[in-house]
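Let me begin by presenting the structure, written as structure tokens, before commenting on it.
The values are calculated or read from the model by the stated rules, or taken from the named source; none is laboratory data. These numbers come from a predicted model, not from an experiment. Cβ placement follows ideal geometry from the backbone for every residue including glycine, while neighbour counts extend to all protein chains displayed. For the accessible areas, the whole protein counts, side chains as well, though only heavy atoms, and no ligand, DNA or RNA atoms are used. Shrake-Rupley method; radii C 1.70, N 1.55, O 1.52, S 1.80 Å.
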Amino acid sequence: MFKRVLIIVALIAFLTFQGLSSQEFGEKEASLFTLSNGMKVILKEKHANPVIASMIYVNAGSKYETDYNNGVTHLLEHLLFDGTKTRTREEISEGMDSKGASFFNAFTRKELTCYLFILPKEFIQYGLDIQSDMLFNSIFPDTELAKERNVVIEEIKKDEDNVDSQVEEFFDSYVYSGTPYARPVIGYENIIATIPKQEIISYYQTYYKPNNMTALLIGDFETEVMLKSIEKYFGNIPVSPLPQMEKITYAPAEKNILKYKEADTKNCYINLSFKGPHYSDADYYAFDLLSQILNSGSTSPLYQALTKDTEPLISNLSVNLETQKEFSVLNFSLITDSLQKVDKIIEITVKTLKDLNRRKPDPSLLKNLIVSTKAEKFYQEEKLYIYGMMIAPTLVNCGYDFLDSYMDNLEKVTPEKVQSISRKYFSEPEYTGTVVTPLKPEEKGTVSPSESKYLKEVLPNGLEVIIRSNPDSKVFGFNILGKNRSALEPEGKTGITDFVNRMLVKGTDKRTAEEITKELSSIGADLTLVDNPFIPYDDLYTSRLYSFIRFQTLDEFAEKGVELLSDIIKNPVFPPEELEKTRQEMISIINRESQSTYQTCRNLFYSELFKNHPYGKTILGEINSVSSITREDLIDFHQKFYSPENIILTVATSLPPEKALAIIKTNFGDMSETNPGLILIPVPEMVTSPVEVSREMKKEQIYLYLGNLLPGINDPDAPALEVANSILSAKLGKNLREKKGLAYSVGSSVNFANDFGWFVASIGTRPKNYNEAFAGILNEINQMKETLVTEKELETAKNTLWGDQLFYRLSRINQAYYMGVNEFLGVGYDYDPIYMEKIRAVTKEKVKEVAKKYLDTQNYVLAVVGKKD
């Protein structure tokens, strides 16, 4: 909800271009140009992978709207994909898909809109042509406008069912009252449904001008050549005057007063806001570091103060320094399970802030924060578009000088300065904020990379190690895959894998939780043990088949990092005082997910498709199962699950593979075998009739999952099923979302285990659209079975799968992760190029054959959650 955006820009150097002259500043990592029409261009070469990301930032967001057209920017973002003077919507989307665009999307914030794509470098000219055409030549056909109104309304309904969105909108409307920042980005249903087309066009013509845009391109190109391409596609658009913005003055709402609201939730959400220094103020950098200290997880002094008792007051804390062009505020987001705890939480929060000035922070803590910030830059740059997304608000709000000097200024901050800032801003803390509480009981229910070297070895203790080495990045990516996650969880202890993983960083035989956090920070390491429940639809790596431990640091810290990680994995002590805190954290997440039609429907579908099967279990567990897990259960399960013969350890690095292997042997070679035994995953029973399971929830959207079983990953039909699904998912999006406006979220997927797989189609829609949406899914599947796909559809699907593979292997940590997954599935760690060869060999006839054979519209499981009209 309130997420900290790390601004990692210290190493960027900028060039300013006017006509044919340029002036250089700093290192030559990035170059800034200004075209003759005022468009700013940042070019950053990154040659590790043969792809290029292009991002165009438009100074247009809800900040620039009025109360009468609120939401027009976001609606416009949708409309720009719907056709230009020379291209239809289909030609735009299918054209990009046909070139292997692994990411072709846009996002809107309060201060900006960004349009972005990632393409193989061979097709960058095509992508830039499309991007320029969309930005400057869109025409908004009436049929597309009607459809997009419906799609955005579905998105609004989805947000209305999401408690995080409700909490954020309530907070913004109160805390930023009197400023444009109080308005929601997505707008309101009544405005979206009725705003005149001419008003949309007028807004588009006002703000979509080259002198109101910044282009950022990152990837495998030469700057000089790329600049000519940018000039070709963007340089001929004429400059236009921009409207004068009214001055925005931020005055906090009533001091030390909280505004309350009830919602359909099981937790209480507390959000507090404290005024901070403007980004141009010399105090800003020390204040920034202070915010990072407060947001440092288990080592945060505030988190420790709120969770020190046997029964912790909160289950989650996040702290975010929100930096706008006109002001800065420090926002706190806290989640608790009881309204009765709110006053105590506020009291402790205020007291903790007042006490900050009593002592200076440890110099090593500040140093670790700086190292982590620098390391994060490398992690982001690997993913290209992530880097551009992270610096987006700062480019727009703070300007280039701030970006260029940010890290230098951060490194000048002393412990004394942080202490001084604490005294200045928090000696008498003044806050404003909101509290969202559960409904009262009686009211409930009313609402191309460089050549790589590989090395594989099984250690004497049974640990399988796979290493990939190439010189294209400084990141050391390390993944530990735990085999047979759901199958190994004891009866009645569902969720214990997640519980164990959460407890791994709570302390070991020789390190406390605080020491672990500090050491991770000192080497800039990023350790991910579980899915982040606060990022919807982001559980890409979470599976019933296996668990993950994702660890990344820089190659220079590999030895320290692997030693630290081995201690975390081998020697956790599961401290009793942390066990209940972790249990409450998990129960809080389970309660939160139980309010989501999407999460509930997915779990209901899996429980029926895999009835009496390990994969029918939920990943996080149920409240009863999590409540029953003891410390002894955790210790016993950890010994079995993280036995060396039950894990696959994969590494992606620039270190020589022999050196990386030596580091691993030193730290993991002494792991003791516990022999969890041979685990045989049974093939589930086939579905032989339509089976519907449902759960009523009073929500704005109804969600459905439909699917059945498939053969395993080694079956000769598996590649054709991947292609068929890619075509089907595109058709569902095109016909049910783009043409009919029935949904914001719709699509299909195929998933494979060793001996079997499964197909899923899903959609979230308003109850009145349920019958049409369900019939629409069945119709698209039947069309796949009855009609040959076109050559264009086939080529697009193959390029989409190719682009996706490139996209999801951009970062070292993902390369390590997918090597482990492929090895576990029995296709081999080096399966990626083999997979693409098989995909390229699929024919139209084969697609029809597998669709007819496996995509069964007579025998399936249908899960429905919501309330039908």
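Numbers at a glance
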| read-out | value |
| --- | --- |
| Solvent-accessible area per residue for segment 136-195 (1.4 angstrom probe, square angstrom) | 34 Å² |
| Per-pair calculated FRET efficiency, R0 = 56 Å: Ile257 and Tyr454 via Cβ, rounded to 0.05 | 0.35 |
| Cα-based convex hull volume of segment 346-474 per residue, rounded to whole Å³ | 344 Å³ |
| Listed values (1) 90, 84, 66; (2) 67, 65, 65; (3) 108, 66, 54, entry calculated as Cα extents along the principal axes in Å | (2) |
| Fraction of accessible area attributable to carbon and sulfur, the chain (%, probe 1.4 Å) | 49 percent |
| In segment 62-120, the trypsin sites (Lys or Arg not before Pro) that fall in loop regions by DSSP, at most 12 other Cβ within 10 Å | Lys85 |
| Ranked packing of 570-578, 315-323, most packed first, by mean Cβ within 10 Å | 315-323, 570-578 |
| Inter-label distance, nm, simple model (7 Å from Cα along the C-beta direction), Lys853/Ser202 | 6.0 nm |
| 19 Å Cα-Cα reach of Lys846 towards aspartates and glutamates, excluding residues that sit fewer than 8 places from it in its own chain | Asp715, Asp717, Glu722, Glu780, Glu786, Glu791, Glu793, Glu795, Glu837, Asp856 |
| Listed peptides 699-708, 740-749 by packing density, highest first (mean Cβ within 10 Å) | 699-708, 740-749 |
| Whether segment 280-411 is rounded, prolate or oblate, judged on the alpha carbon gyration tensor where a/c under 1.5 counts as rounded | prolate |
| Area of Lys734 that stays accessible when all protein chains are in place (1.4 Å probe, Å², to 10) | 60 Å² |
| Kirkwood-Stokes translational diffusion coefficient of segment 727-841, alpha-carbon pairs, 4 °C, 1.567 mPa s, µm²/s | 80 µm²/s |
| The chain, helix-only ellipticity at 222 nm - DSSP H runs n ≥ 4, -39,500 (n - 2.57), divided by all residues, nearest 500 | -13000 deg cm²/dmol |
| For segment 135-286: rounded, prolate or oblate by the Cα gyration tensor [a/c cutoff 1.5] | oblate |
| His74 accessible area, assembled protein chains, probe 1.4 Å, Å² | 10 Å² |
| Förster-model FRET efficiency, 56 Å R0, Asn571 and Asp67, C-beta, rounded to 0.05 | 0.45 |
| Two-site FRET efficiency, Thr249 against Glu189, from Cβ-Cβ distance with R₀ of 22 Å, rounded to 0.05 | 0.15 |
| Ranking by accessible area, most exposed first, for Asp856, Asp869 with a 1.4 Å probe | Asp869, Asp856 |
| Accessible surface of Ile619 - all protein chains present, 1.4 Å probe, nearest 10 Å² | 30 Å² |
| Segment 622-772, accessible area per residue, ligands and nucleic acids excluded (1.4 Å, Å²) | 41 Å² |
| Cα-based Kirkwood hydrodynamic radius, segment 602-717, one decimal, Å | 19.0 Å |
| Centre separation in Å (Cα based) which lies between segment 304-379 and segment 779-831 | 41 Å |
| Per residue accessible area of segment 200-317, 1.4 Å probe, in Å² | 44 Å² |
| Relative contact order for segment 324-425, counting Cα pairs under 8 Å that sit 6 or more residues apart, in percent | 49 percent |
